[in-house]
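Undergrad: Structure incoming, see below.
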Amino acid sequence: MFKYSSVFSGFSVNDLDKAEEFYSNILEFSVKTNAMGYIELDIPDNNNIIIYPKPDHQPAVFTVLNIPVENIDEAVNHLVKKGIQFEQYEGEIATDEKGICRSDGKGPDIAWFKDPAGNIISILKE
């Protein structure tokens, strides 16, 4: 039988120092350096997420991190003030002028942006 004690996730970046600054100062995560020299996002009541450097890093073309928020409009406004630029999409996931895809009850309202390494992150209404 396949057994495990815990599960964690991770993704790569091209510059660990920039990632640490972004995730701690802009997104306000508690960030620590682990024994391997990688950074970890401290996720309350959950397993940490490891962020590791990769010299040939290619930005993920999918969402690597989803962050639930109570009020998506307030969260977008807060992050815009910190310099975050939200992605604009058309079609099935069309976003409004703020960068929010309004689901009209078909799912959560969601907005996407990128970290300094180009990885896609979302905030979504809880």
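The values are calculated or read from the model by the stated rules, or taken from the named source; none is laboratory data. Quick caveat: nothing in here was measured; it's all calculated off a predicted structure. Cβ atoms come from the backbone with ideal geometry, glycine included; neighbour counts cover every protein chain shown. The area values use the complete protein model at the heavy-atom level, side chains included, leaving out ligands, DNA and RNA. Shrake-Rupley method; radii C 1.70, N 1.55, O 1.52, S 1.80 Å.
Undergrad: If every alpha-carbon in the chain counts as one equal scatterer, what log10 I(q)/I(0) does Debye give at q = 0.14, 0.17, 0.18, 0.22 1/Å?
TA: So the normalised log intensities are -0.66, -0.93, -1.02, -1.35.
Undergrad: Describe numerically, in nm with one decimal, the distance between label points set 7 Å from Cα along Cα→Cβ at S5 and at I50.
TA: Each label point is offset 7 Å from its Cα along the Cβ direction, giving 1.5 nm.
Undergrad: Okay, moving on. Quick one: which residues, 5 or more positions from A60 or on another chain, have an amide H under 5 Å from its amide H? H modelled 1.01 Å from N in the peptide plane, none for Pro or chain starts.
TA: Counting only residues 5 or more places away or on other chains, the set is N119, I120.
Undergrad: Using each residue's phi in the range 8-23, evaluate 6.51 cos²θ - 1.76 cosθ + 1.60 at θ = phi - 60° and report the 3J(HN,Hα) Karplus result to the nearest Hz, with x for Gly and Pro.
TA: In residue order, the calculated couplings are 9, 10, x, 8, 9, 9, 8, 9, 5, 5, 5, 5, 4, 4, 4, 6 Hz.
Undergrad: Let me ask something else. Once you place label points 7 Å from the Cα toward the Cβ at S30 and E92, how far apart are they in nm?
TA: Each label point lies 7 Å from its Cα, and together they span 3.9 nm.
Undergrad: What number comes out for the charge environment of K32, summing +1 per Lys or Arg and -1 per Asp or Glu over other residues with Cβ under 9 Å away?
TA: Working: positive: none; negative: E40, D42.
In short, -2.
Undergrad: Same structure again: Restricting to bridges with both residues inside the chain, how much of the DSSP beta-bridge set is antiparallel, in percent to the nearest 5? Can you show the working numbers first?
TA: Working: 15 of 26 bridges.
Taking every DSSP beta bridge within the chain, about 60 percent pair in antiparallel fashion.
Undergrad: Another one. Residues of the range 55-84 with the amide nitrogen closer than 18 Å to a label point 7 Å from the Cα of S103, along Cα-to-Cβ, please.
TA: Counting only backbone N, you get 63-76.
Undergrad: Could I ask something else about it? Heavy atoms only, 1.4 Å probe, whole protein assembly: order I26, I51, I120 by accessible area, highest first.
TA: Working: I26 40, I51 0, I120 20 Å².
Descending accessible area places them as I26, I120, I51.
Undergrad: On to the next question. For the range 1-52, give the percent of accessible area contributed by carbon and sulfur heavy atoms, probe 1.4 Å, rounded to a whole number. Can you show the working numbers first?
TA: Numbers: 1700 of 3600 Å².
Carbon with sulfur: 47 percent of the solvent-accessible area.
Undergrad: Still on this structure: Over the chain, with a Gaussian network built from C-alpha contacts below 10 Å, which listed residue (D96, D45, D17) shows the highest mean-square fluctuation?
TA: D45
Undergrad: Mind putting a number on the dipole of the chain about its Cα centre? Charges go on the C-beta only, +1 for Lys and Arg and -1 for Asp and Glu, and I need it in Debye to the nearest 20. Let's see the in-between values first.
TA: Working: 11 positive and 21 negative charges, 64 e Å.
Computed charge dipole of the chain: roughly 300 debye.
Undergrad: Separate question: With unit charges on the beta carbon (Lys/Arg positive, Asp/Glu negative), name the residue among G118, P55, F22 whose Cα is farthest towards the positive pole of the charge dipole of the range 21-126.
TA: With unit charges placed on the Cβ atoms, the residue in question is P55.
Undergrad: Could you derive backbone 3J(HN,Hα) for the range 53-61 from the dihedral phi with the Karplus parameters 6.51, -1.76 and 1.60 (θ = phi - 60°), listing whole Hz in sequence and x where the residue is Gly or Pro?
TA: Result, ordered by residue: x, 9, x, 9, 3, 10, x, 5, 9 Hz.
Undergrad: I'd like to check one number: the per residue accessible area of the chain, probe 1.4 Å, reported in Å² as a whole number. Write down the numbers at each step before the final one.
TA: Working: 8170 Å² over 126 residues.
That works out to 65 Å² for each residue.
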